[in-house]
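Everything below concerns the one structure shown next.
What follows is calculated from the coordinates using simple rules that are stated; it is not laboratory data. Please read these numbers as outputs of a predicted model, since none were measured by experiment. When we count neighbours, we look across all protein chains shown, and the Cβ atoms used for this are built from the backbone with ideal geometry, even at glycine.
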Amino acid sequence: MRISMGLPTLFPHGRQTELSWYRKIDEGPWDGLVTYERLVYPDSWSVVPQLAAAAAVTERVRLWTDVVALPMRNPVLFAKDLATIDVLSDGRLTLGVGIGAWDEDYLAVGSSLERKRQRMDDAVAVMRRVWAQEPPVEGHLPVGPVPVQPGGVPLIAGVVGPKALARAAKWAAGVSDPAHSLHFDAEALAAQRERVVEAWRAAGRTDRPHFSAPVWFALGPDPQAQLREHVKDFWDQEVDAMGTGSSYITAAEAGTLNCGAAGLLAAVNGAREAGLDELRLIPSTADPDEIDRAREVLGI
């Protein structure tokens, strides 16, 4: 199982801190560098320039997104941006896509809230054509550059339900399950992995689907408070001392948050048991020392 390290995308920080995260992640032993998206959020960074900067600074790690809302974008422009990043990174980009969790992001850019899933399918088709150098306007030139990776940037679908899995099986290289990012459930992930495999089989595919998941973690002096405060800000809700709240993401029956060394170790070991191909560690601080703390806890 590969382990990737996330960036402090949602926390206030500046250039030197961001560059420090790029360099420390690229030093290893991490397999990938991850960014993620929240548009309407005070401190969040933008995915495309962040990935471009990471592509220029790093040499080794794979670059991931987890997950960008595809239906609210112009697919031709986005395909061009991603192809450029793929060239800058020499073919190290993987794109996690979904419909997103926040309607306000769509409203902020004037995008419709209707038919999100169908629009995502349509956008994927357009992007594939752009990467294959099919002109988006008949009789005109294609849109460059050509991605380094044959067939274009690999797409991982951030989806959960059976209908969404069936749709993803038509175009994705695999699935990322976001449902257990705060309360890691290895048994549930193993069951979901089987559903993903079955969706691929039902679609007539013979390739093995990539299966991955993100998990938030905290290793600071007070990891419970560190993660609890971030969850409170990010999800705009109160979270009690046990890390529980009112929504599915912090359901009381899910137990405590993934905090401290024991929580991180349990998540990593559980991910291996569940058969994940990739686990993406999402930090809850901008402190670059969190990377070293994670490396020490995992003994890697």
Can you grab the distance from the C-alpha centre of region 1-38 to the C-alpha centre of region 147-219, Å, no decimals? 22 Å
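Counting pairs of alpha carbon atoms under 8 Å apart in space and at least six apart in sequence, what relative contact order in percent does region 2-298 give? Spell out each step's value before the answer.
On the way: 544 pairs, mean separation 54.6, N = 297.
Over region 2-298, the number comes to 18 percent.
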Would you mind checking the tilt of helix 223-235 against the longest principal axis of the Cα atoms of the chain, expressed as 0 to 90 degrees and rounded to 10? 40 degrees
Burial ranking of peptide ranges 108-118, 223-233 (average Cβ count within 10 Å, highest at the top): 223-233, 108-118
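For every helix of n ≥ 4 consecutive DSSP H residues, a contribution of -39,500 (n - 2.57) applies; sum these over the chain, divide by its total residues, and give [θ] at 222 nm rounded to the nearest 500 deg cm²/dmol.
On the way: 10 runs with 122 residues, N = 300.
Helix-only estimate at 222 nm: -12500 deg cm²/dmol.
Hey, got the dipole for the chain? About the Cα centre, +1 on K and R Cβ, -1 on D and E Cβ, debye to the nearest 20? Walk me through the numbers before you get to the answer.
On the way: 30 positive and 40 negative charges, 217 e Å.
Computed about the Cα centre, the dipole is about 1040 debye.
In the structure displayed, which of 116/232; 24/116; 24/163; 80/163 lie more than 32 Å apart, Cα to Cα? Spell out each step's value before the answer.
Details: 116/232 27 Å; 24/116 37 Å; 24/163 39 Å; 80/163 29 Å.
With Cα atoms farther than 32 Å apart: 24/116; 24/163.
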Which of the three applies to region 97-214, rounded, prolate or oblate, going by the alpha-carbon gyration tensor with a ≥ b ≥ c and a/c under 1.5 meaning rounded? oblate
Taking Cα atoms only, helix 289-298 is inclined relative to the longest principal axis of the chain by an angle, in degrees rounded to 10, of 80 degrees
Return the aspartates and glutamates within reach of residue 170: Cα separation strictly under 18 angstrom, same-chain partners fewer than 8 residues apart disregarded; answer none if there are no such residues. 121, 122, 194, 198, 207
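Would you mind putting 259-267, 52-60 in packing order, based on average other-beta-carbon counts within 10 Å, highest first?
Values: 259-267: 18.7, 52-60: 16.7.
The packing order, highest mean first, is 259-267, 52-60.
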Mind pulling the angle between the C-alpha long axis of helix 260-274 and the longest principal axis of the chain? Nearest 10 degrees, somewhere in 0 to 90. 50 degrees
